[in-house]
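Have a look at the structure below, then the notes.
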Amino acid sequence: MAENPGVEQPPALAQTQPRPQVSRLRRAVRILFIAAAITAGLSTAGRQLAIRLTVNVTTSMPRGLDWLRPGGRVALHSTVTLAIPSSVRELVDERRYLPPGFRLLKSDVAVAGDVVCLEHQRYSVNGHLVSVVATTDPACRRLPPPYPFCGVVPSGVAFLAAAGTFSLDSRFFGPIPISDLTPAVPLWTYSQP
């Protein structure tokens, strides 16, 4: 075909054919791979975030979200989280005080060298009343007797407490090894104990 200046020529045959299916497939695979990588990254980040958060649903400490600091220093009067001690786990499960898998959130009220007394239904630290110890829970069910202790707190353990006369804390389960405690920092709370 002769060229005519000013007259548009039809495109060459090679230019009119659709792109090969192979390049579309490669692009789709690339997009899927990127989407999978982003999803895996967000999933990992979500898991990491989830293991650093705890939710408090009880009334003995402010309700809300707390940020966990595994390996952080446990200090006097700091907020800590711990697994439900075995001595009260059955009671917690039977009475459904907490949903399955939840941990306790408490305040560290006594450490090595402090004097703790749990006697005559009173919980005191260094001569100051922390709380009266209830004999029944809010549903009028009998609570276990206070943990039998009156003396100097030995090293390596802490006594825990929270607001309320029936709070499930060291008044019922005694001292907890500091190594079993994880410091927690309130992020968002919506109630006071």
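Looking at the stretch 173-183 only, could you name the residues that are in contact (Cβ under 8 Å) with a residue 24 or more places away in the chain and either open to solvent by less than 10 Å² (accessible area, probe 1.4 Å) or assigned to a helix (DSSP H, G or I) (or both)? Full working, then the answer.
Residues of the stretch 173-183 that are in contact (Cβ under 8 Å) with a residue 24 or more places away in the chain, as a first pass: 173-176, 178, 180-183.
Answer for the stretch 173-183, where residues must be in contact (Cβ under 8 Å) with a residue 24 or more places away in the chain and either open to solvent by less than 10 Å² (accessible area, probe 1.4 Å) or assigned to a helix (DSSP H, G or I) (or both): 173, 174, 178, 180, 183.
Surrounded by fewer than 18 Cβ atoms within 10 Å (Cβ to Cβ) and either in a strand (DSSP E or B) or in contact with a Gly (Cβ under 7 Å, 6 or more places away or on another chain) (or both): does that describe residue 117? Show your work before the answer.
On the way: surrounded by fewer than 18 Cβ atoms within 10 Å (Cβ to Cβ): yes; either in a strand (DSSP E or B) or in contact with a Gly (Cβ under 7 Å, 6 or more places away or on another chain) (or both): yes.
Against the criterion (surrounded by fewer than 18 Cβ atoms within 10 Å (Cβ to Cβ) and either in a strand (DSSP E or B) or in contact with a Gly (Cβ under 7 Å, 6 or more places away or on another chain) (or both)), residue 117 qualifies.
Return yes or no: is residue 74 open to solvent by 20 Å² or more (accessible area, probe 1.4 Å) and in a strand (DSSP E or B)?
Details: open to solvent by 20 Å² or more (accessible area, probe 1.4 Å): yes; in a strand (DSSP E or B): no.
Criteria not met by residue 74.
Is there a residue in the stretch 106-116 that is in contact with an Asp or Glu (Cβ under 7 Å, 6 or more places away or on another chain) and within 14 Å of residue 58 (Cβ to Cβ)? Outline the logic, then answer.
Looking only at the stretch 106-116, we keep the residues that are in contact with an Asp or Glu (Cβ under 7 Å, 6 or more places away or on another chain), and these are 106.
Cutting the leftovers down to within 14 Å of residue 58 (Cβ to Cβ) gives us 106.
Yes, some residue in the stretch 106-116 is in contact with an Asp or Glu (Cβ under 7 Å, 6 or more places away or on another chain) and within 14 Å of residue 58 (Cβ to Cβ).
Taking the residues in the stretch 90-109 that are more than 15 Å from the chain's Cα centre (by Cα) and exposed (fewer than 12 other Cβ atoms within 10 Å of the Cβ) as candidates, determine which candidate is farthest from residue 80 (Cα to Cα).
94
Return the pairs, sorted by first residue and then second, in which the second residue is part of a strand (DSSP E or B) and small (Gly, Ala, Ser), the first residue lies in the stretch 139-155 and is in contact (Cβ under 8 Å) with a residue 40 or more places away in the chain, the beta carbons are less than 9 Å apart, and the residues are 6+ apart or on different chains.
Qualifying pairs under 9 Å: 153/110.
Would you check which residues across the stretch 82-97 are outside any helix (DSSP H, G or I) and closer than 16 Å to residue 141 by Cα and list them? Quick ask: steps written out before the conclusion?
From the stretch 82-97, those outside any helix (DSSP H, G or I) are 82-85, 96-97; that's our starting set.
Scanning the stretch 82-97 gives 96, 97.
Condition (residue is free of Cβ contacts under 8 Å to residues at least 24 places away in the same chain and of a type in the set (D, E, K, R)) applied to the stretch 121-128: is it met by at least one residue? Break it down into steps so the answer makes sense when it comes.
Step one: list which residues in the stretch 121-128 are free of Cβ contacts under 8 Å to residues at least 24 places away in the same chain, which gives 122, 124, 126-128.
Checking the rest, the ones that are also of a type in the set (D, E, K, R) come to 122.
Checked the stretch 121-128: at least one residue is free of Cβ contacts under 8 Å to residues at least 24 places away in the same chain and of a type in the set (D, E, K, R).
Going by what's in this entry, would residue 187 be described as open to solvent by 60 Å² or more (accessible area, probe 1.4 Å) and within 21 Å of residue 73 (Cβ to Cβ)?
Values: open to solvent by 60 Å² or more (accessible area, probe 1.4 Å): yes; within 21 Å of residue 73 (Cβ to Cβ): yes.
Here the answer is yes, as residue 187 does meet what is asked.
Being open to solvent by less than 30 Å² (accessible area, probe 1.4 Å) and either in contact with a Phe, Trp or Tyr (Cβ under 6 Å, 6 or more places away or on another chain) or of a type in the set (Gly, Ala, Ser) (or both) is the filter here; which residues of the stretch 154-171 pass it? Don't jump to the end; show me each part of the working.
Taking the stretch 154-171 and keeping what is open to solvent by less than 30 Å² (accessible area, probe 1.4 Å), we get 157-162, 167-171.
Of everything in the stretch 154-171, those that are open to solvent by less than 30 Å² (accessible area, probe 1.4 Å) and either in contact with a Phe, Trp or Tyr (Cβ under 6 Å, 6 or more places away or on another chain) or of a type in the set (Gly, Ala, Ser) (or both) turn out to be 158, 161, 162, 167, 170, 171.
Would you confirm, using the coordinates I've provided, whether residue 132 is closer than 28 Å to residue 54 by Cβ and surrounded by 19 or more Cβ atoms within 10 Å (Cβ to Cβ)?
Values: closer than 28 Å to residue 54 by Cβ: yes; surrounded by 19 or more Cβ atoms within 10 Å (Cβ to Cβ): no.
For residue 132, the condition - closer than 28 Å to residue 54 by Cβ and surrounded by 19 or more Cβ atoms within 10 Å (Cβ to Cβ) - is not met.
The values are calculated or read from the model by the stated rules, or taken from the named source; none is laboratory data. Remember, predicted model here, so these are calculated numbers, not experimental data. Please note: Cβ atoms are built from the backbone with ideal geometry, for glycine as well, and neighbour counts cover all protein chains shown. Areas reflect the complete protein model, heavy atoms only, side chains present, ligands, DNA and RNA absent. Shrake-Rupley method; radii C 1.70, N 1.55, O 1.52, S 1.80 Å.
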